Structures are given as C-alpha cells and as structure tokens.
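The values are calculated or read from the model by the stated rules, or taken from the named source; none is laboratory data. Please read all numbers here as calculations on a predicted model, not as lab measurements. Neighbour counts are summed over all protein chains in view; Cβ atoms, including those assigned to glycine, are modelled from backbone coordinates with ideal geometry.
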Amino acid sequence: MEASGLWMLATAAVLMLATGLPAWVVLTGVALAFSALGVALGAFEPGLLAALYSRLVGLLENDLLQALPLYVLMGALINRLPLADVLFRAGARALAWTGCGGALAGLGLGVILAPMSGSVGASASMLTRTVYPRLPSGGGGAPRNLALVCMASTLGVVIPPSLVLILLGDAMLRAHTEAANVTGLVGRIINTQDVFHAALVPAAILLALCIAIVAATRRSAPENSRAAPPLRPGEWAVAIGTFLLVAGLLSGVALGYLYAVEAAATGGVALVAYGLASRTLGRKVLAETLEDTMALTGALFALLAGATFFTLVQRAFGTDRWLAAAFAQFSGSATLLLVVVLAGLALCALVLDAFEMIFVVIPLVIPPLLTRVTDATWVAVLTLLILQASFLVPPFGYAVLMARSRVAERVPTLALARALAPYVVAQAIVLAIVVVFPRVLWRDMASESLRTAPLSPASDEKARDLFEQQLQQNERK
C-alpha cells in the first residue's frame with residue numbers, strides 16, 4: 001500500500017490529459033477516491049484526514065502567499081492597460097539597429113512579464129496575443145516565431161523573483177527541514193532568498209545564450225509588414241518609466257533589498273495610478289483586470305488546497321516514508337540518485353505545470369533526496385532548469401501545448417521542433433555548467449560557509465533552537 005501515492009500521481013496525470021479538467025479538481029477528486037479506498041482497506045484511520053484543516057491553515061498563514069495576488073495584479077494591469085503593447089513597440093524600435101528588434105523585444109517582454117504572469121500557460125497566452133502577431137512572418141518564420149514565444153513564456157521559471165521561484169523556495173525550505181529532521185543533522189536550512197541568489201547566474205547565462213540564438217537565426221529575417229507604428233514622445237516616456245519601475249522592483253526583491261509583498265504592492269499602486277492618470281483604466285478595464293486577478297489567484301489557491309489534500313493522502317499511505325527508505329537503500333552514488341530524480345521530474349513536467357510540480361511532486365521526492373544530496377541550493381537550481389527544459393520539449397512540453405493552442409495557424413510539429421532545438425541545447429549547456437561547476441551559483445558568504453561546514457548530530461533541544469532561529473531569519477527576509 002505504500003506505493004499508492006505514486007499510483008495517485010499517475011492517475012492524476014492521466015486524468016488531466018484525458019479530461020482537460022482544472023488541476024485542482026483532478027487532484028481533489030483523486031485524493032477523495034484514494035482516501036476512501038485507504039479507509040475501506042484499513043490502510044489508515046479516517047481521523048487522520050482531520051489534519052487537513054490544520055495543514056491548510058498553516059500554509060495560508062505563510063507571508064509569502066500574500067505576494068501572489070499582488071504579483072498577479074501587476075501582470076494583469078500591464079496586460080490590460082496598453083503597457084505590454086507599448087513596451088513591445090518601444091523595444092522593437094530601440095533594438096531595430098540589430099536587425100532583429102522585434103524578436104529581441106519579444107524576448108525582453110518575456111523577461112519583464114513572465115515572472116508576474118502566474119504560470120507558463122498564462123505567459124504563453126499573453127505573449128501569443130501581444131508578441132506573436134508582430135514578429136516577422138515571411139520565409140517560413142511561423143515555427144521560429146512560435147519557438148520564441150515558447151521560450152519567452154518559460155523565462156519566469158528561472159528568472160527571479162518570479163512566482164515560481166517564490167513558491168519553490170518555500171517548498172525547498174519545507175523539504176530541507178524534513179530532510180534535516182529525518183537525518184538528525186543540523187545545518188543551515190535553505191530559504192527563498194537563497195534560491196533567488198542561486199538562480200541569478202544560470203538565468204543570466206541562459207538569457208545571454210537566447211539572445212545569441214535570436215541574433216544568429218533571425219538577423220536576416222525581413223521586418224514584418226504588420227510592424228508596430230512609431231511611438232509618440234509620451235509613449236516613449238511611459239515605456240521607459242514602466243521598464244524602470246518593474247525592473248527596479250524585481251531586481252530589488254531578487255537581490256534582497258525589498259520584500260516581495262512590498263515590491264508587488266508598490267508596483268500595483270504605481271500601475272493603478274498610471275491607469276487613472278492616463279484614463280486607460282476605465283470601469284470596464286478595471287473589472288476585467290480584477291476578474292483576471294481573482295480568477296488566477298483563485299486557481300492558484302484552489303490548486304494549493306487540492307495539492308495539500310493530495311499530499312496528505314499520500315503521506316497517510318506512507319508513500320513518503322517508503323520513498324525515503326528506497327532512497328536510503330539506493331546502492332548507487334548520490335549523484336546517480338540525483339540524476340534519477342531529475343529524470344523523473346522531467347517526465348512529470350511534460351504533463352504538469354510549474355505550480356502543480358511544486359505543490360504535488362516536489363514535496364514527495366525532494367525531502368528524501370536531500371537526505372543523500374545535502375546541497376539544497378544546488379538541487380533547487382537543477383530542479384528549475386529541468387522544469388524549464390521539459391516545458392519546451394515538443395510535442396508534449398507544457399509551453400509548447402499552451403502556445404500552439406492559442407495561435408490560429410497550424411505549425412507542423414517537426415518544424416517547431418527544429419526551431420526549438422537551439423533553445424533546448426542552450427538549456428542543456430546551462431544545466432551541464434551547473435552540474436559540473438556547482439560553485440557557479442551565487443551564494444552569500446555566510447550561507448556558503450555554513451553550507452560547507454560539516455554537519456554534526458545535535459540534541460533535540462539544540463536542534464529545536466536552531467530551527468526556530470532559522471524560521472525567524474526567513475520571516476525577516
């Protein structure tokens with residue numbers, strides 16, 4: 001019965017593909033069915049499910065979750081106001097001297113907006129509507145255009161301080177804490193800021209490679225006849241101001257100078273003020289913006305609740321303990337075990353979005369992995385890179401599926417695969433660099449010294465004191 005949690009995961013993946021139902025509906029339904037089965041077979045007592053209430057309350061008390069609706073509001077405002085269009089046109093004009101200004105502007109828009117869009121699917125939807133129609137269309141450019149949109153929609157997975165990294169950082173904190181409790185060892189527990197810092201250098205390398213790919217493959221492409229009209233001086237000012245505001249706030253959070261909640265609230269207030277001053281935030285646009293924000297935020301919290309129920313039933317079956325025992329008895333090296341787990345994550349990411357991976361899969365497999373591989377920061381960055389690469393593998397990659405479903409024209413799978421190949425190779429290069437040179441990750445000096453210090457067993461009282469101190473540090477950050 002211990003393996004029932006894995007059967008739950010497989011069942012949920014099949015139902016998501018076969019039915020098209022929202023992920024939270026599938027997760028809740030599968031959890032209900034398997035919990036009834038577990039109680040009927042005597043695998044666990046019904047009273048165990050009463051822990052769901054306290055688990056949900058504990059999760060929703062997390063301060064980081066307050067940033068979710070604010071980030072989503074910023075993305076919805078930029079999308080509903082004419083800001084995304086103005087940013088793209090300004091970028092295309094400013095980079096026209098490169099010969100591929102539209103493509104580079106589309107990539108840059110992904111860098112700015114993808115961290116706030118909420119998911120890969122939301123990013124793909126926004127970019128296919130704003131960027132795709134204005135990219136050069138001659139010379140069989142549709143596959144290249146769609147590949148660029150797919151790549152740009154996944155940048156929010158690795159570029160801090162995106163919603164994905166915020167939630168992954170929290171998931172890694174919990175996983176690392178569980179691993180430390182299981183092994184009885186004391187060391188520094190990873191936090192969200194550690195994940196932000198560690199992802200900066202790999203994200204920068206990947207972005208540089210993507211820019212090089214765009215310059216190499218699109219420099220000779222003719223400019224689109226549907227290119228954006230010239231910008232007025234006021235639009236240039238709006239584009240520059242919006243870019244500086246969003247880039248400054250995101251950079252401040254990523255570097256640890258601002259709290260995520262404060263930055264998102266500041267950005268939201270500034271964008272609302274612009275909309276009111278420019279008279280572009282009318283009653284209709286405001287209603288649509290709030291509807292988008294509530295819909296996406298509600299979907300995220302519903303997914304969080306469904307995933308919490310799902311993982312509770314998995315733990316009731318003992319799947320987490322079964323995996324921990326299996327990982328402990330694994331005869332290969334810790335590196336080989338890491339490769340196996342990352343391969344499993346890559347397969348799951350072919351059918352699950354980033355948030356579904358973080359809420360459902362990460363809590364199941366990462367805690368036992370961290371009992372063998374002690375560098376939680378390294379594991380977190382590798383997980384991010386694996387997820388992003390899986391989203392781009394045609395024909396089942398999540399970004400590929402979402403982008404193709406939102407364009408009117410049919411793009412052949414083989415042609416799209418050829419267009420995506422350079423980006424996938426770039427991701428493989430960055431992944432190899434992080435695997436071979438773990439010290440390429442940017443770490444605080446204090447964090448590095450604590451990480452490399454040998455771990456030693458401690459008494460229960462000392463472990464509890466250290467853990468409380470770490471929680472206080474995380475709350476301050």
Qualifying residues in the stretch 61-103 (those that are small (Gly, Ala, Ser) and closer than 23 Å to Thr297 by Cβ) - the one modelled with the highest pLDDT: Ala76
Of the residues in the stretch 46-65, those that are closer than 16 Å to Pro363 by Cα and either over 21 Å from the mean Cα position of the chain (by Cα) or hydroxyl-bearing (Ser, Thr, Tyr) (or both) number 4
Going by the structure shown, is Ala380 of a type outside the set (Phe, Trp, Tyr), assigned to a helix (DSSP H, G or I) and closer than 21 Å to Gly141 by Cα? no
Those residues of the stretch 1-20 which are in contact (Cβ under 8 Å) with a residue 24 or more places away in the chain and small (Gly, Ala, Ser), in sequence order: Ala3, Ser4, Gly5, Ala12, Ala13
Please verify whether the stretch 117-138 includes one or more residues that are in a helix (DSSP H, G or I), hydroxyl-bearing (Ser, Thr, Tyr), buried (at least 24 other Cβ atoms within 10 Å of the Cβ) and modelled with pLDDT of 85 or more. no
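If you check Arg372, Arg410, Arg439, which single one turns out to be surrounded by fewer than 16 Cβ atoms within 10 Å (Cβ to Cβ), modelled with pLDDT under 90, of a type outside the set (S, T, N, Q) and under 30 Å from Thr183 (Cβ atoms)? Write out each step before concluding.
On the way: Arg372 fails: surrounded by fewer than 16 Cβ atoms within 10 Å (Cβ to Cβ); Arg410 fails: under 30 Å from Thr183 (Cβ atoms).
Just a single option satisfies the conditions, and that option is Arg439.
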Given the condition under 28 Å from Gly275 (Cα atoms), surrounded by 22 or more Cβ atoms within 10 Å (Cβ to Cβ) and over 21 Å from the mean Cα position of the chain (by Cα), answer yes or no: does some residue in the stretch 6-14 qualify? no
What tally of residues in the stretch 34-50 results from selecting those that are exposed (fewer than 14 other Cβ atoms within 10 Å of the Cβ), touching a residue at least 12 places away in the same chain (Cβ under 8 Å) and in a helix (DSSP H, G or I)? 0
Quick check: is even one residue across the stretch 12-26 over 21 Å from Ala349 (Cβ atoms), out of contact with any Lys or Arg (no Cβ under 8 Å at 6 or more places or on another chain) and part of a helix (DSSP H, G or I)? no
Test each condition in (1) surrounded by fewer than 18 Cβ atoms within 10 Å (Cβ to Cβ); (2) under 25 Å from Ala198 (Cβ atoms); (3) aliphatic (A, V, I, L, M) for Ala326 and report the one that comes out false. (2)
Identify, from the list Tyr53, Tyr71, the residue that is surrounded by 18 or more Cβ atoms within 10 Å (Cβ to Cβ) and either out of contact with any strand residue (DSSP E or B) (no Cβ under 6 Å at 6 or more places or on another chain) or of a type in the set (Ser, Thr, Tyr) (or both). Tyr71
Checked Thr289, Thr293, Thr319 against criteria (within 20 Å of the chain's Cα centre (by Cα), buried (at least 19 other Cβ atoms within 10 Å of the Cβ) and in contact (Cβ under 8 Å) with a residue 60 or more places away in the chain); the one match is Thr293
Cβ-Cβ below 8 Å, separation at least six or inter-chain, first residue in the stretch 77-103 and over 19 Å from Val238 (Cα atoms), second of a type in the set (S, T, N, Q) and modelled with pLDDT under 85: which pairs? Gly99/Ser220
Per-region count, the stretch 66-105, residues among the aromatic types (Phe, Trp, Tyr) and under 21 Å from the mean Cα position of the chain (by Cα): 1
Criterion (out of contact with any strand residue (DSSP E or B) (no Cβ under 9 Å at 6 or more places or on another chain), at pLDDT below 90 and either surrounded by fewer than 21 Cβ atoms within 10 Å (Cβ to Cβ) or closer than 26 Å to Ile358 by Cβ (or both)) met by exactly one of Leu281, Leu300, Leu276, Leu271: Leu300
Given the conditions (1) under 18 Å from the mean Cα position of the chain (by Cα); (2) surrounded by fewer than 19 Cβ atoms within 10 Å (Cβ to Cβ), and given that Pro363 satisfies all but one, which numbered condition is not satisfied? (2)
Has the stretch 173-188 got any residue that is of a type in the set (A, V, I, L, M), modelled with pLDDT of 85 or more and part of a loop (DSSP other than H, G, I, E, B)? no
Given the conditions (1) assigned to a helix (DSSP H, G or I); (2) within 23 Å of Thr130 (Cβ to Cβ), report the number of the one that Glu409 does not fulfil. (1)
Being under 25 Å from Gly121 (Cα atoms) and either among the hydrophobic types (A, V, I, L, M, F, W, C) or part of a loop (DSSP other than H, G, I, E, B) (or both) is the filter here, so list the residues in the stretch 353-376 that pass it. Asp353, Ala354, Phe355, Met357, Ile358, Phe359, Val360, Val361, Ile362, Leu364, Val365, Ile366
Picking from Leu65, Leu32, the residue that is of a type in the set (A, V, I, L, M, F, W, C) and within 30 Å of Leu271 (Cβ to Cβ) would be Leu65
